[in-house]
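The values are calculated or read from the model by the stated rules, or taken from the named source; none is laboratory data. These numbers were taken from a predicted model, which means no experiment stands behind them. Reconstructed Cβ throughout: ideal geometry from the backbone, glycine too, with neighbour counts over all protein chains shown.
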Amino acid sequence: MRLTRRSFIRVAGVTAGGTLALSAQARQGSTADDDRLPGVLVDTTRCVGCRGCEAACAEANDLPAPPEGDLAKLGRRDTTTRAFTVINRTDAPGGGDRFGKKQCMHCLAPACASACPVRALNKLPTGPVTYDPSKCMGCRYCMVACPFDVPRYEYEALAPRVRKCTFCAPRQARGLPPACVEACPSGALTFGRRHELLEEAKRRIYGEPDRYVHRVYGEHEAGGTSFLYVSDVPFEQVGLQAGVPEKPYPELVAGALGAPPLVMTLWPPLLMGLYAFSKRRDEVERREADGKEEHHG
Amino acid sequence: MDSARTAALEQPSFFREKILLGMSLPDYLRSLLTPWNAVAAVILAIGVPCLIYRFAAGLGASTNLSQAYPWGLWIGFDMMTGVVLAAGGFTIGASVQLLGLKEFHAIERPAILTAFVGYVMAVVGLLADLGRPWNIVMAVVNAGSASALFEIAWCVMCYTTVLLLEFTVPFFEWLGWRRIHTVMKKALLALTVLSVMFSTMHQSALGSLFLLAPTKLHPLWYSPFIFIFFFISAILAGISMVIVECAISHKVFARRLEGQPHVDADRLTIGLGKAGAIVAFAYFFLKMQGVVDGHAWGYLLTGYGALFLVETVGFVLVPSLLYAYGARHEKVRLVKLAAAMTIAGIVFNRLNVSVFAFNWQNPARYWPSWMEVSVSLALVTVGVLAFRWIVNRMPILFEDPAFSNHE
């Protein structure tokens, strides 16, 4: 009896410890610290579609120069392994053009990094979500997990890499803004602290409430992203993913990942208990059978 | 010198008895010329070069994977389906070793062997699918512990080792190594506990993978409880696979069973059918609960709804009723039919989750290339051949009488 109680306490202790450790591990969405991270505000009403950002991005990342020509003729494009940002054209409300920019959103709690079993994708404390091919085993779970369809895979290569925007982490480390922001001539891209950009975004919306959509895309999407968008056309129209949950993605799986410590601590005693039970049952049966035989004999 | 000569004399006889089934080499080779072996040879002749080509030319040249579909047949079928269909190993192991259901003792070894072969093949398929397979060691040294895939990597690794160790019991019987056989046999109980533990974790974690795709996986399949669905269906798959395997084994290996203590296969099938009925119905009920919980009723009338209903009603509810009816009225054939249907339904479920209902809002579609299909077929074929090779030689369908010293 005493042994049972002691082992019960031990199991309970280990279980509680494991659960606590795990809950401490799960990220709790955007915090005050996250808001001080760098961000980019994309104001689609100010973009003129010059695609200077595309060219600057290609140059900064040693990628081939983007295709030249009129956006209308190029058709709908998406980011590729050799183009980390693209601009697409759509119609403005009163006629004319609107442009949507796509690149990695650099989530505050990135789905890709939480999905990565080898920590090849990482959220740097300074903000960018970066990739290290020397750790990657090529499972492509990041591509499954990313709600914005950002990671791109070099299927043609024999040692394929995941390719995506780096938020110009090397440039930022030198105190420079991302190449796309630096190249933008129209003020459509603003680089700054995320909390300041959020204030600026809302100031613009409140300043022209009839013009802007009353929401900052990226404030809450997937738990908040470093790239923030304001627009006067629906966000889906400028190529932004609709219906992305507001929960930080790592939390979607945190409950299920809380199971292993429980399973590891509870299953062995439970199963051994079942074994002891079945063994005892067999013994009793055998003894009863023996007893009967004795009676008969 | 004398001992060297005896060794030289003994060796060919060992080879002849244990490997060539007591035949001379020409006789043995002649015995391999059967129609089924010809089919297997054709599949391997196509599949193996395709597998080599994948490593020589890359994923892009050999598969239809795309930016929108990073996971295709090799994950959806080889990994997802291969692992779930190998669940018989832990299900039957636990029934015999832990729950004391001694009547299933006769099918414990085939179930464990199937699981072992199945896992090895799933891992080979995974290595083909990984873009940088040489970095698989990173999963050990560079723990990404926030990932369900990390959990799977560890559990599959550990569980395959456990299965290997469980398999050494008949293996040492075959070799006649008594002392280590006794040790392993004693370890079987602990290994079974570990097998249940690891299986619980990774069978469910294969479902948890998709928790990170709420916008991509169709709402009829996406559920916060998907990992529970995966676990319950793994138990169901384990039970059903053992029924089908039992039926096939007793037909194919009938000659091997001659002179062995008789096992009432029909009674076992009925017993498994009872369990199958309960688990299948529970699984169906949970799947419906998932639809209610996800407020996904509206989708049932769409094309995806039809797909979902075929899967859950046609291949879960109907077999659960067949199981129940067959077990109650002792109709063995009906139970076997229910088992085959259940297996088809679970394969269908894994493919739905990882391929068909994935990216449901994306116009891009995926269809495996002929090379992907032939590699998958080749892996299944290698698994079946390995299983047959071992069963024909080692004491899998029965215990070596020289070793059953207990009871």
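When you scan segment B:219-228, do you find a residue that is assigned to a helix (DSSP H, G or I), surrounded by fewer than 24 Cβ atoms within 10 Å (Cβ to Cβ) and among the hydrophobic types (A, V, I, L, M, F, W, C), even just one? So that I can check it myself, show each step before the final result.
Of segment B:219-228, the ones assigned to a helix (DSSP H, G or I) are B:226-228.
Pick out the ones that are also surrounded by fewer than 24 Cβ atoms within 10 Å (Cβ to Cβ) and you get B:226, B:228.
Then drop every residue that is not among the hydrophobic types (A, V, I, L, M, F, W, C), which leaves B:226, B:228.
Yes.
Please state which of the following conditions B:Gly290 fails to meet, knowing it meets all the rest: (1) assigned to a helix (DSSP H, G or I); (2) farther than 23 Å from B:Phe225 by Cβ.
The single condition B:Gly290 does not satisfy is (2).
Give the residue that is surrounded by the fewest Cβ atoms within 10 Å (Cβ to Cβ), with candidates limited to residues of segment A:102-159 that are of a type in the set (Ser, Thr, Tyr) and more than 7 Å from every other protein chain (Cβ to nearest Cβ).
Step one: of segment A:102-159, the residues of a type in the set (Ser, Thr, Tyr) are A:114, A:126, A:130-131, A:134, A:141, A:153, A:155.
Then keep just the ones that are more than 7 Å from every other protein chain (Cβ to nearest Cβ); that gives A:126, A:130-131, A:134.
Details: A:Thr126: 12, A:Thr130: 20, A:Tyr131: 20, A:Ser134: 9.
Once the filter is applied, the top-ranked residue is A:Ser134.
Go through the residues of segment A:216-237 one by one and say whether even a single one is more than 23 Å from A:Asp35 (Cα to Cα) and without any contact (Cβ under 8 Å) to a residue 60 or more places away in the chain. Don't jump to the end; show me each part of the working.
First, pick out the residues of segment A:216-237 that are more than 23 Å from A:Asp35 (Cα to Cα): A:232-234, A:236-237.
With without any contact (Cβ under 8 Å) to a residue 60 or more places away in the chain added as a condition, the list becomes A:234, A:236.
Yes - at least one qualifying residue is present in segment A:216-237.
Given (1) over 30 Å from B:Ile243 (Cα atoms); (2) touching a residue at least 12 places away in the same chain (Cβ under 8 Å); (3) not in a helix (DSSP H, G or I), where does B:Leu21 come up short, assuming only one miss?
All conditions pass for B:Leu21, except number (1).
Return yes or no: is B:Ile180 in contact with a Cys (Cβ under 6 Å, 6 or more places away or on another chain) and assigned to a helix (DSSP H, G or I)? Steps first, please.
Numbers: in contact with a Cys (Cβ under 6 Å, 6 or more places away or on another chain): no; assigned to a helix (DSSP H, G or I): yes.
It is false that B:Ile180 is in contact with a Cys (Cβ under 6 Å, 6 or more places away or on another chain) and assigned to a helix (DSSP H, G or I).
Of the residues A:Pro117, A:Pro125, A:Pro64, which is assigned to a loop (DSSP other than H, G, I, E, B), under 26 Å from A:His220 (Cα atoms) and free of Cβ contacts under 8 Å to residues at least 24 places away in the same chain?
Details: A:Pro117 fails: free of Cβ contacts under 8 Å to residues at least 24 places away in the same chain; A:Pro64 fails: under 26 Å from A:His220 (Cα atoms).
Unique residue meeting the criteria: A:Pro125.
Taking B:Pro110 and the conditions (1) of a type outside the set (A, V, I, L, M); (2) assigned to a loop (DSSP other than H, G, I, E, B); (3) more than 13 Å from every other protein chain (Cβ to nearest Cβ), which numbered condition does it fall short on, given that it satisfies the others?
(2)
For residues that are more than 16 Å from B:Phe229 (Cβ to Cβ) and polar (S, T, N, Q), scanning just segment B:318-364, find the one that is surrounded by the most Cβ atoms within 10 Å (Cβ to Cβ).
If we take residues in segment B:318-364 being more than 16 Å from B:Phe229 (Cβ to Cβ) and polar (S, T, N, Q), then B:Asn359 is surrounded by the most Cβ atoms within 10 Å (Cβ to Cβ).
Scanning segment A:240-281 for residues that are in contact with a Gly (Cβ under 6 Å, 6 or more places away or on another chain) and of a type outside the set (Gly, Ala, Ser), which turns out modelled with the lowest pLDDT? Don't jump to the end; show me each part of the working.
Within segment A:240-281, the first condition is being in contact with a Gly (Cβ under 6 Å, 6 or more places away or on another chain), and the residues that meet it are A:248, A:261, A:278.
With of a type outside the set (Gly, Ala, Ser) added as a condition, the list becomes A:248, A:261.
Working: A:Pro248: 96, A:Pro261: 86.
In this case the residue turns out to be A:Pro261.
Kindly establish whether B:Leu165 is surrounded by fewer than 16 Cβ atoms within 10 Å (Cβ to Cβ), touching a helix residue (DSSP H, G or I) at 6+ places or on another chain (Cβ under 9 Å) and more than 14 Å from chain A (Cβ to nearest Cβ).
Working: surrounded by fewer than 16 Cβ atoms within 10 Å (Cβ to Cβ): no; touching a helix residue (DSSP H, G or I) at 6+ places or on another chain (Cβ under 9 Å): yes; more than 14 Å from chain A (Cβ to nearest Cβ): yes.
Against the criterion (surrounded by fewer than 16 Cβ atoms within 10 Å (Cβ to Cβ), touching a helix residue (DSSP H, G or I) at 6+ places or on another chain (Cβ under 9 Å) and more than 14 Å from chain A (Cβ to nearest Cβ)), B:Leu165 does not qualify.
If you scan segment A:242-265, which residues turn out to be more than 7 Å from every other protein chain (Cβ to nearest Cβ) and not in a helix (DSSP H, G or I)?
A:Ala242, A:Glu246, A:Lys247, A:Pro248, A:Gly258
Quick check: anything in segment B:146-164 at pLDDT 95 or above and among the polar types (S, T, N, Q)?
yes
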